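Since every read-out is calculated from the coordinates, none of them should be taken as a lab result. None of the values given here were measured: they were computed from a predicted structure. Quick reminder, even Gly has a Cβ in these numbers, built from the backbone with ideal geometry, and neighbours come from all protein chains shown.
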Amino acid sequence: MTNEELTELLPAYVLGALEPDERRAVEHALAADPDAQALLAQYEASATSLAALAPLRPAPGHLQADLAARLAARRQPPRQQGVRPWRAPRVLLAAAALLIVIAGGVIAALLLSDEGPEADSAQMLYDELAALDGARRFAVVPGDVKPDVSGELVASPDGERAVIRVEALPALSEENVFQLWLVDDSGVRTSGGLFRQARDDVATYIEIPLAASFEAYQGFGVSLEPAGGSPYPDRPTGPRVFAVPIEA
């Protein structure tokens, strides 16, 4: 498999849209291509960080059935013509890439909304955790953007759930967004997703998408980024809005 073929198939691989033999061919090629591995990590990190904060909302049933039928119909002819397993039709690759773009846009729209069920859910979780005996609390420390940012992080006693409540976030333009970062105990940063503040007169609640127990992290932070977020999955490019250091 050439580098071009591998690069073209990565979006479909991330989507899980490849058949078993195609997937094996991609994984075999990935094992010997560090550049492709890095690109795959960026795709996966972006998909994970977006999905982590987005509430699950089922699409209309007919869309899933229609998509499955279309993809199946487009896969079959090349097989009959003897095309190699990993040489999926360009139209299928375009569909896979388009799905990533559409899904990212839909999820981003949900994340960037100022109000809605997801915001209510985070606030309800915060109230629930704050009322628990043994809940752990950590103060928000202002960053470089606005000195009067304040709030706290509340974590459940078992370390499975955590929410940040923050007030006085700086106003955003249409060209900017806030990005959450999780810092593990070895100092590695992982994006936790994008968000906008609630209205100026209310607090903003941010549920942290913990990939491990709370004890595995040394802190959390939020940066000010361009509208699409940092181009890097492991570091911010904008100034720090606030941080929440976790004391040992």
Inset, instruction - List, in order, the whole-Hz ³J(HN,Hα) value for each residue of region 159-164 obtained from phi through the Karplus relation with A = 6.51, B = -1.76, C = 1.60 and θ = phi - 60°; use x for Gly and Pro. - result: x, 8, 9, 7, 9, 9
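So which trypsin sites (Lys or Arg not before Pro) in region 149-222 are both in a DSSP loop and have at most 10 other Cβ atoms within 10 Å of their Cβ?
Numbers: sites: Arg161, Arg165, Arg189, Arg196, Arg199; in loops: Arg161, Arg196, Arg199.
Sites meeting the loop and neighbour criteria: Arg199.
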